[in-house]
1. For segment 1-69, which fully contained strands (runs of 3 or more DSSP E) count at least 1 residues that are among the acidic types (Asp, Glu)?
2. Give me a count of the residues in segment 150-185 that are among the aliphatic types (A, V, I, L, M) and under 18 Å from His29 (Cβ atoms).
3. With the structure loaded, tell me whether Gly43 is under 18 Å from Ser120 (Cα atoms) and in the same structural domain as Tyr99 (by TED's automatic domain parsing) or whether it fails that test.
4. Checking the conditions here, which among Leu55, Leu109 is in contact (Cβ under 8 Å) with a residue 60 or more places away in the chain and either within 15 Å of the ligand (Cβ to nearest atom) or farther than 30 Å from Glu221 by Cα (or both)?
5. Within segment 5-23, track down each residue that is crowded, with 20+ Cβ neighbours inside 10 Å and more than 15 Å from the ligand (Cβ to nearest atom).
6. So, in segment 75-88, exactly how many residues are at pLDDT 90 or above and under 24 Å from Pro10 (Cβ atoms)?
7. Of the residues Gly122, Gly60, which single one is modelled with pLDDT under 95 and within 16 Å of the ligand (Cβ to nearest atom)?
8. Restricting the search to segment 24-52, which residues are within 16 Å of the ligand (Cβ to nearest atom), crowded, with 16+ Cβ neighbours inside 10 Å and within 20 Å of Val101 (Cα to Cα)?
Amino acid sequence: MRILLVEDDPSLASGIRLALKSEHYTVDHLADGTAALAALTDGEPFNAVILDLGLPGLDGMQVLAGARRHGSRVPVLVLTARDAIDDRIAGLDTGADDYLVKPFEVAELKARLRALLRRSRGQASSVLECRGLRLDPATRGVSYRGEPIALSRREFTLLEEFMSHPGRVFTRDTLTRLVYGWDEDVESNAIEVHVHHLRRKLFPGLIRTLRGIGYVMDKTEPGVDA
Ligand code: CA
């Protein structure tokens, strides 16, 4: 899961980054509202946004309004220093999905984020289940037909993307962004290598390669009706 963190307080931003990275999240950070709006209207793949309201450049409300006007439906968790009811009402009208008032516990931020991601997938439970696989984002546990499977952080992230959107075709570029974000150096075949490992650890037909297009995890076994 790739998260865009928009926060201009350096120490808060680095604390949130560390906390989310220590889970399985890919985190990209921007400290400026104008850059945030550009990223959100540029077609960058993010699973969720954590958005501070008081920002240089455009403020958080302007970023949110701009992104929604542009058609972005990415789930947005707003951070606000002010426990002002007016801000919350305005934010909800503008299209925020949830709120967190500073100061907050990191554990609460993580829980809200999980809930946000779960709702955006239209699921009652955050546990993902598909084709004999079970993935729990809260515990980072993965099992196949009841057997626990050990995955690396990247493999977990990739599998979570596929299981969140069975049947969706991902390009290699999109997967690279979702797993690595902006600032990490990536070998051009990194995604192929992870997909190869997932197939080996789970089962060969788990993820299909669509040559020249990308990858897809089918909802059901090929040849079996849904
Ligand atoms: Ca701020």
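The values are calculated or read from the model by the stated rules, or taken from the named source; none is laboratory data. On a predicted model such as this, the values are computed, not experimentally measured, just so you know. With ideal geometry, Cβ positions are generated from the backbone for all residues, glycine too; neighbour counts draw on all protein chains shown.
1. Output list reads 26-30, 48-52.
2. 2
3. For Gly43, the condition - under 18 Å from Ser120 (Cα atoms) and in the same structural domain as Tyr99 (by TED's automatic domain parsing) - is met.
4. The conditions single out Leu109.
5. Leu20
6. 4
7. Gly60
8. Selection gives His29, Leu30, Ala31, Gly33, Val49, Ile50, Leu51, Asp52.
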